[in-house]
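**Q** Take this structure first; my questions come after.
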Protein chains: 2
Amino acid sequence: MRAERKRSALEDADPAAPLRLGGLENHLGYFLRRLQVWAFRDFIATLSDMHVRPAQYSVLLVIAANPGQSQSAIGRTLNIERARLARMLHELEDRRWISRRASGRDARSHALVLTAEGEKALAKITALAQKHEARLAEYIGRKRWAELMKSLRDFG
Amino acid sequence: MRAERKRSALEDADPAAPLRLGGLENHLGYFLRRLQVWAFRDFIATLSDMHVRPAQYSVLLVIAANPGQSQSAIGRTLNIERARLARMLHELEDRRWISRRASGRDARSHALVLTAEGEKALAKITALAQKHEARLAEYIGRKRWAELMKSLRDFG
DNA sequence: TATTGTTATACTCTATAACTATA
DNA sequence: TATAGTTATAGAGTATAACAATA
């Protein structure tokens, strides 16, 4: 028998190769999760100098696009629980990137805005985030990136 | 002036409506994350009777598809850190769904297999997981489901 | 020396509940 | 009564480091 004979599946295995996924192959959630984890890791690594995490970044962008809105409106938009958002906003306030102003209409709520320092930080952050996005597009291929973006954005 | 006059963007806002996403619109990771979170929540809710989380389910499926493999091989396949996987496997062992056998080849590693009880549980779990998947497909539309699945699976 | 599995710690994020102050 | 925001706690997942046993 030749050295390159047909070997059984067990013998055949490259010890470092990934295994069969089995039924997981039929679950979209698994594949979504896998790519999302890659993307978030790359995002965090790319923005490590600024110490900004994806959730913080999303909050900064939504405040920038909707100045003066309340915490509950931000949380509703991004699906962030109000308790979690309250703590995150305190951190961003400690960093002098946002400020809470009294809302004219409702004494219970705050009007959130970026500070001048926050605007400056966001400019740097956005530049790094673009680099991350370019890396993601390269990782999965520009065509696939565009397909996924269209499919997911059209839905959302 | 009429009551239905053209109002400014600020006045116009439905107080419960989501805000503008701003720069977030250009980030695939955000949209991936949003759908993935929906999917995992639905998965957890659908399988709440079995108390199985997505990561546990993925481990059970990969063991079922690759009986006798080691923890490191499972972890490598699913991108689960070995420390995390060790604890998860102890939980699954406590539930009598998997067992660790001595590996013939390497005394350091375990050969993981489903128990008979584990096979039975996985049958129930898989049936529920199908219901979840059907719900996900309905949520985003069957066409979009197929597009995303193709795009993501081809890549992986 | 490197790898397999284990234990432990710290941090992020999610999920709740309880509380206050307003509406 | 309901809503906005706050504080606290518990659980899951991620990231590390250190360790024993084995390769």
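**Q** Restricted to the range A:30-55, and to residues that are in contact with a Leu (Cβ under 7 Å, 6 or more places away or on another chain) and within 16 Å of DNA strand C (Cβ to nearest atom), which residue is farthest from the other protein chains (Cβ to nearest Cβ)?
**A** Among those residues, the one meeting the criterion is A:50.
**Q** Considering only the range A:66-93, how many residues are in a helix (DSSP H, G or I), in contact (Cβ under 8 Å) with a residue 12 or more places away in the chain and within 11 Å of chain B (Cβ to nearest Cβ)?
**A** The number of residues fulfilling the criteria is 4.
**Q** When only residues in the range B:100-133 that are more than 10 Å from DNA strand C (Cβ to nearest atom) and among the charged types (D, E, K, R) count, which is surrounded by the fewest Cβ atoms within 10 Å (Cβ to Cβ)?
**A** Here the residue is B:105.
**Q** Moving to a separate point now. Residue B:108: touching a helix residue (DSSP H, G or I) at 6+ places or on another chain (Cβ under 6 Å) and not in a helix (DSSP H, G or I), yes or no?
**A** It is false that residue B:108 is touching a helix residue (DSSP H, G or I) at 6+ places or on another chain (Cβ under 6 Å) and not in a helix (DSSP H, G or I).
**Q** Filter the range B:28-65 down to the residues that are assigned to a helix (DSSP H, G or I) and of a type in the set (D, E, K, R) and list them by number.
**A** Within the range B:28-65, B:33, B:34, B:41, B:42, B:49 meet the criteria.
**Q** A further question on this structure: Could you tell me which numbered condition residue B:89 fails, if it satisfies all but one of (1) over 24 Å from residue B:127 (Cα atoms); (2) within 7 Å of DNA strand C (Cβ to nearest atom)?
**A** Looking at each condition in turn, residue B:89 falls short on (1).
**Q** Look through B:127, B:107 and report the one residue that is out of contact with any strand residue (DSSP E or B) (no Cβ under 7 Å at 6 or more places or on another chain) and modelled with pLDDT under 95.
**A** B:107
**Q** From the list B:137, B:107, which residue is among the aliphatic types (A, V, I, L, M), more than 11 Å from every other protein chain (Cβ to nearest Cβ) and farther than 15 Å from residue B:52 by Cβ?
**A** It is B:107.
**Q** Also: Pick from the range A:33-65 the residues that are within 11 Å of DNA strand D (Cβ to nearest atom), of a type in the set (D, E, K, R) and free of Cβ contacts under 8 Å to residues at least 12 places away in the same chain: which of them is farthest from residue A:113 (Cα to Cα)?
**A** Among those residues, the one meeting the criterion is A:34.
**Q** Just wondering, is there one or more residues in the range B:87-96 that are away from DNA strand D (no atom under 16 Å from the Cβ), farther than 24 Å from residue A:34 by Cβ and surrounded by 13 or more Cβ atoms within 10 Å (Cβ to Cβ)?
**A** No, there is no match, as no residue in the range B:87-96 is away from DNA strand D (no atom under 16 Å from the Cβ), farther than 24 Å from residue A:34 by Cβ and surrounded by 13 or more Cβ atoms within 10 Å (Cβ to Cβ).
**Q** Would you confirm, using the coordinates I've provided, whether residue A:12 is surrounded by fewer than 20 Cβ atoms within 10 Å (Cβ to Cβ), more than 9 Å from every other protein chain (Cβ to nearest Cβ), in contact with a helix residue (DSSP H, G or I) (Cβ under 9 Å, 6 or more places away or on another chain) and at pLDDT below 95?
**A** No.
**Q** How about the range B:102-145: which of its residues are within 19 Å of residue B:40 (Cβ to Cβ) and charged (D, E, K, R)?
**A** B:131, B:133, B:135, B:138, B:144, listed by residue number.
The values are calculated or read from the model by the stated rules, or taken from the named source; none is laboratory data. Bear in mind the structure is a predicted one, so any value in this text is a computation, not a measurement. Using ideal geometry, Cβ is built from the backbone for each residue, glycine included, and neighbour counts are taken over all protein chains shown.
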